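Undergrad: This is the structure I have questions about; it appears just below.
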Amino acid sequence: MIKAIVFDKDGTLLDFDATWNEAVGAAFDQISDAHARETAADMFGYDLASRTVLPHSPFVSESNDVVMGLVNDLIDVETFERTINQVSRLNVVPSSEATATLKTLVASGVKLAIATNDSEGVARHHVSALGWTQLFTSVKGYDSGHGAKPGPGMILAAVEECGATPGSYLMVGDSVHDILAGQAAGATTVAIGNNQGALSLADHKIKKMTDLIALVKFLQQQEMNDSTNFASDATVNDI
């Protein structure tokens with residue numbers, strides 16, 4: 001049975017563009033040196049004109065320390081990262097139907113966790129801002145001491161806190177890193193969104209968050225049917 005679900009945060013639980021595009025833009029606005037600003041934006045994968053994080057940006061899937069390391073020699077990354085995080089907390093936007101989906105899953109007895117390449121502190125601020133604190137049993141970030149995705153460490157730590165055993169948990173995410181991390185952690189993987197790499201690797205694909213409810217029910221019913229078949233076979237063999 002599905003006992004726990006581990007979620008990626010940005011692009012999965014949160015509307016990535018609404019939460020981060022302007023937050024990153026606000027941080028670039030503070031860089032007075034035009035050459036440094038443009039060079040850093042190019043390395044970061046941010047379009048200064050349209051004020052959007054580009055699809056190929058390492059900010060989409062890499063851990064924050066990796067991303068900040070790319071621009072460390074160009075700008076004051078401490079101020080830059082602090083500004084991004086402060087503005088994002090004021091503008092955090094959940095994915096469509098995320099709140100309703102999470103509440104339904106918790107009500108059904110499934111424990112929830114987050115495994116993000118953002119910091120644990122920022123993740124907890126986002127969860128709190130959205131009124132989700134009581135919904136999550138575990139929140140892990142790249143700096144929680146278990147490594148970053150695509151490594152399995154934070155997922156394994158999260159499901160342990162949820163009391164889930166192998167074969168009883170899902171990993172839901174929108175990037176290749178999420179799916180690879182889930183596979184490495186022994187999770188059944190679920191891809192959401194339009195990333196073709198993630199979609200091709202995952203065990204299951206969903207178009208929107210509410211689809212996860214039906215998928216969990218399907219997997220649980222499938223497990224019950226398998227158990228029934230096994231029990232029936234055992235009875236026949238015993239006879």
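Bear in mind these aren't lab numbers, they're just calculated from the coordinates by the rules spelled out. Everything quoted here is computed from the prediction, not taken from an experiment. Heads up, the Cβs are rebuilt from the backbone with ideal geometry, glycines too, and the neighbour counts pull from every protein chain shown.
Undergrad: Tell me, what HN-Hα J-couplings in whole Hz come from the Karplus equation 6.51 cos²θ - 1.76 cosθ + 1.60 at θ = phi - 60° for each residue of the stretch 164-179, using x for Gly and Pro?
TA: 9, 9, x, x, 10, 9, 10, 10, 10, x, 10, 10, 4, 4, 5, 5
Undergrad: First check a/c for the stretch 55-136, with a ≥ b ≥ c the square roots of the eigenvalues of its C-alpha gyration tensor; if it is under 1.5, answer rounded, and if not, answer prolate when a/b is larger than b/c or oblate otherwise.
TA: It is prolate, given that a/c is not under 1.5 and a/b is the larger ratio.
Undergrad: Counting DSSP beta bridges with both partners in the chain, what percentage is antiparallel, nearest 5?
TA: Counting only bridges with both partners in the chain, antiparallel ones make up about 15 percent.
Undergrad: Would you mind working out the magnitude of the charge dipole of the chain relative to its Cα centre, with +1 at each Lys and Arg C-beta and -1 at each Asp and Glu C-beta, to the nearest 20 Debye?
TA: It works out to roughly 720 debye.
Undergrad: Also, I was wondering about something else. Net charge within 11 Å of ILE213 by Cβ-Cβ distance, Lys/Arg positive one each and Asp/Glu negative one each, not counting ILE213 itself?
TA: Local net charge: +1.
Undergrad: With the Cα gyration tensor of the stretch 17-91 giving a ≥ b ≥ c as the square roots of its eigenvalues, does the rule (a/c under 1.5 for rounded; else a/b larger than b/c for prolate; else oblate) give rounded, prolate or oblate?
TA: The shape class here is rounded.
Undergrad: Order of ASP118, ASP42 from fewest to most other C-beta atoms within 10 Å? Before the final figure, lay out each step's value.
TA: Details: ASP118 23, ASP42 14.
Taking fewest neighbouring Cβ atoms as first place, the list is ASP42, ASP118.
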